[in-house]
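Working notes, beginning with the structure itself.
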Amino acid sequence: MFEVGQEGFPEREERVLEFWQKEAVFKKSVEKGGPLFVFYDGPPFATGLPHYGHLLAGTMKDAVPRYKTMKGFCVPRRFGWDCHGLPVENEIEKARELSGAAAIEAFGIGKFNEECRSIVKRYANEWKKTVDRMGRWVDLEKTWHTMDLPFMESVWWVFKELFDKGLVYEGFKVMPFSMKLGTPISNFEANLNYKDVDDPSVVVAFEGDGVSYLAWTTTPWTLPSNLALIVGPKIEYVKVKKDGKFYVLAEARLKAIFKEDVEVVDRFLGEVLKGRKYKPLFPFFKDQPGAFRILVDDFVTTEDGTGMVHAAPAFGEADFFVCKREGIELVCPIDGNGRFTAEVPPYQGTLVKDADKTIMQDLKKRGLLFHQATIRHRYPFCWRSDTPLIYKAVSTWFVAVEKIKDCLLKTNEKIHWVPDHIKTGRFGKWLENARDWAISRNRYWGTPIPLWRSDDGDLHVIGSIEELEKLSGEKVHDLHRHNIDHLTFEKEGKQFRRIAEVFDCWFESGSMPYAQNHYPFEHKKEFEHAFPADFIAEGLDQTRGWFYTLHVLAGALFHKPAFKNVIVNGIILAEDGTKMSKRLKNYPDPEIVISKYGADAVRLYMLNSPVVKAEDLRFSERGVEHVLRQVLIPFWNSFVFLSTYAKIYHWKPQIHRAESLIDRWILSLTQKLVQEVESAMEVYDLSKAVEPLVGFVDQLTNWYIRRSRGRFWAEEDTPDRREAFSTLYTVLLTLSKVAAPFVPFLTEAIYQELRTSDIPKCIQNLVDDKVGARDLQQRSGGKASHAKGMADAAGCKDWDADEVTGQGLNALGYIS
C-alpha cells in the first residue's frame, strides 16, 4: 500500500516538485475560492542572485499563506520586481566605465536607460529556479515590475494625490550623498554600510576680537564653507591664556584640549557669546550676509570636541537648521560628484576628501591649525558603490511626513507586529522622530516625477498618461525620461517643461499596493477588497525602508495602515558573526546546501531559530544537517516503519477506537500539537508554531514507536495490533498536515502515500477525554520518570494527579 523509495531527501523533493508542477497544485489551491486572504510581496532586485536572506523571507512568505490556504482561505500570491534605481544604474556605469552625470548624459540618457532595462531581468530565471526549489508557492507568471507602464502611471497618481493634499513641497535638505553615484540617498540607506575609518581630527582657531575661538572637526574639507560658530547657551565656557594668546572653549573640554595647565582668565555661559564676530578662515564667502558670527543652540554638547561647533550649513543638518533660522544662506562649492567648484579656486576640481591635507597645510601656515591628529571612528559608506558618503544640501522634493505624523502613529496602533516590541520600539520610535521624506533623485533610470514647471515657477502636476497626451498633443507609450522629457505644453500663455528628477525607488515600492493593480485606472473593486494587506514579511532593516514607505503612503492617501500583520526577521550572518560576503566566500553556497540536505532542512533550520523573532542568526551548515538528522529523518523513518509492517501484514487503513493507554496518550499529544501550532499561527508566531513540532517528532519516535514495537511485530492479527497501526497511521497523517506549511516536501511525500478515500476528512473522537496518570506509570514499566515525561507531553500540569486531561482529536478539517 505505502510506497517507500530509496531516494534521498533532495531527490524526493525534486519528485514532489514535479508533482506540484504537473498537477498545477498551487494554481488549483487559489482557484478553489474561499474568503480572500491578502498578501503583499516585498519586491527584490533581479540584478543579483538570491541569498540566504531571500531564502528566509521567502520561507516566511510561504509558510503563512500555506497555513491560511489549509484553513480554507483563497490566498493569491503575486511576485514583483524592483527594477529602477541605483543598483541597476551602477551596473551600467561600471560596465560602460561611466562616472557621474556628465558622462552619462554624454553617453545619452536614452541609450543609458535602455541598457538599464536590458539587465533588469538578468537573473530572473535563476530566481524562479531557487524560489521553486525552496518550495515557495507564488505566481511567477503574473509578476509586476516597477518599470511597467501601468505601474508607473499609478505611481504618478499617488504623487498627484499627495500634491493635491498639500503634502508635497520643494526645498533644501542636507542628505547623505554618494559622490560616486552623484545622488543623495535616504537616511535609512546611509545606515546600511558603516565602516571603521581613520579621519583627520583638527582643532581650528577662529580669530575674534583679541581671542581665538576653538572649534573641532573631522571634515577639514568643510572649513572653506564655514559661515558661523555655534555654542550651547547654558554650557560653561572659559577664556584661557597660553603663550600670550587667549582662547575660548567649553570648560568641560579644557583638559582634553590643553594637556598642560593654563591660566583661566574668565568664565561665562555660552549665551554671552551670542552675536560676537570673528574673521573668516578663507576669503571665498567673506561678504555672505549675516555670516561669521557666533550663534547659540541647544544641540551643542561637550561630549567631544571643544563645545563649539564649526557650522558649514550646506554640509550638516543641525548647522543647516540653525543658520537658516538666523537668516544665513548656505553656500555649497561642491559639485554633483563631490569635487570643489570654481567658487574656491585653490581647490577647484579636487575631490573633497582629497583636499583635507591641503586645507590643513594652508591653515597651519597661517597659524590657525591649533591641533592636528587622527581619529578612528565609524563612518557611513554608500551601500551600492562602497565609497565614503558626505552630507550635502540638495534641492529636493519632499513628502511632508511631519504634517501627518499623528495619523501615522494612530494607524501603527492597528498593526500586529511580530515580534511585538517592534511596534513601539524600532518602528514606533522611527515614526515619532520622522522627518519629511525626500523623494526625488537626480538620476535617470526611474519613474520621472510628473511635475512640469514654467519659466516663472508655476507648477503643473500630471496624474495620468491621458492627461499628458491631452496637454502635449502626443501619444505616450513609455514614461521613462528619454521618452517624455521633451514633451512640453502651454497653459495660460506659459510654456511648461518637466523637471529633471526621478522618484526615489522607495517611493515606487511603497506605492505597490496601488500600482500592482494599476489603481485607480483599473481593478478598483479588486483593490478595495485587497487593501490593506492581511500579511507581509521582510527583514528588520525594512522598518526604515519598505515597511515605512508603505505606511507613510497608505496613511497619507487613505488614513489606514497598508498591512494588518507583519513578521519581521533578523539578519542572517556568516557563521563567525560577520556580514555574509561573496568576495570573502564566508558562507556555504545556498544551491549546494539545498542539493545536499534538501530545502525542507534549510526551511526548518531557519524557522526554528531566533531569526524569525527579528534576531540575528549565524548561519551554520552543521545546523541544517542537525535538523535533517534530528527531525526530518526520524519523521520519515516513522513513516517507513509503518509502511514496512503494514505491507508485511497487509494492513489497510481502518478507524479503531483507542483503548491502549499509550495510543490514547500519543493521540492526545497529537491534538495538543494541533492546538499549539494553530494558536501560534493565528498570531503569526512562527517560532512558537515550529517548536512543538520539533519536540513532537522526538516524542513520537523515542517514546511511542520505541515502546510499541512489539505490538507491530506481533504475528497474530489482534485488536491491539490493529489499534497500533490505526493510531500510528492517524498520527502520521495528522502530523503531515500540521507540518505542511513548514516542511512541504516531506509532508507531501508522506501524505500522498497515506491518503485514502476510506479515511474521512475530519478524524474525530479517537481518544478518550482523560488519560490516567497511574495508568501512564503502569504502562511505562513503573518508572516514574517515564510516566512524568509522558504526562508532561500530554499537557498535565501536575503529573501526580489522578487524571491527565486530554482534548480529543476534534475536527481537524482545516488540515484535511
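Points to keep in mind about this one:
- Segment 408-481 versus segment 358-398: alpha-carbon centroid distance in Å: 31 Å
- Inter-part distance where segment 529-580 and segment 33-84 are each reduced to a Cα centre, Å: 13 Å
- Calculated FRET value between Phe19 and Phe558, using beta carbons and R₀ = 30 Å, to 0.05: 0.10
- Here segment 1-97 has 53 percent of its accessible surface on carbon and sulfur atoms, given a 1.4 Å probe and all protein chains in place.
- Remark: the Thr718-Arg618 segment gains 30.8 nm on full extension, using 0.36 nm per residue and subtracting the alpha carbon distance.
- Extending 7 Å from the Cα toward the beta-carbon at both Ile655 and Glu31 defines two label points whose distance is 3.1 nm.
- Shown is the FRET efficiency for Ala106 and Val262, computed with R0 = 56 Å from the Cβ-Cβ distance and rounded to the nearest 0.05: 0.45.
- For the chain, the solvent-accessible area works out to 43 Å² per residue, with a probe of 1.4 Å and every protein chain left in place.
- Solvent-accessible area assigned to carbon and sulfur over segment 278-409 amounts to 49 percent, based on a 1.4 Å probe.
- Residues in segment 611-641 that a label on Glu11 would reach, taking backbone N under 18 Å of a point 7 Å out along Cα→Cβ: 633, 636-637, 640
- Counted by Cβ distance under 9 Å from Lys239, the other residues give a net charge of +1, where Lys and Arg count +1 and Asp and Glu count -1.
- Solvent accessible area, Å² - Asp576, 1.4 Å probe, full protein context: 100 Å²
- Additional length obtainable on full extension of the chain from Ala342 to Glu251, 0.36 nm per residue less Cα span: 28.8 nm
- Percent carbon-and-sulfur accessible area, segment 473-563, ignoring ligands, DNA and RNA, probe 1.4 Å: 46 percent
- When each of Lys68/Lys405; Lys596/Lys647; Lys160/Lys524; Lys242/Lys357; Lys32/Lys560; Lys274/Lys365 is checked by Cα-Cα distance, pairs over 24 Å: Lys68/Lys405; Lys596/Lys647; Lys242/Lys357; Lys32/Lys560; Lys274/Lys365
- Label-point separation in nm, Tyr169 to Lys142, each point 7 Å along Cα→Cβ: 4.2 nm
- Kyte-Doolittle at least 1.0, axis length at least 24 Å by Cα - qualifying DSSP helices, the chain: none
- Distance between segment 263-305 and segment 104-176 - C-alpha centres, whole angstrom: 47 Å
- Eligible lysines near Lys286 by straight Cα distance, threshold 17 Å, same-chain separation 8 or greater: Lys277
- With both labels modelled 7 Å from their Cα along Cα-to-Cβ, the Tyr379 to Ser581 distance reads 1.8 nm.
- Computed over the chain: relative contact order in percent, which uses C-alpha pairs under 8 Å that are six or more apart: 15 percent
- With a Förster radius of 51 Å applied to the C-beta separation of Asp298 and Arg96, the computed FRET efficiency comes to 0.55.
The values are calculated or read from the model by the stated rules, or taken from the named source; none is laboratory data. Predicted, not measured: the structure shown is a model, and the values here were computed from it. Don't worry about glycine lacking a Cβ; one is built from the backbone with ideal geometry, like all the others, and counts go over all protein chains shown. Just so you know, the surface numbers come from the protein's heavy atoms only, side chains and all, with ligands and any DNA or RNA stripped out. Shrake-Rupley method; radii C 1.70, N 1.55, O 1.52, S 1.80 Å.
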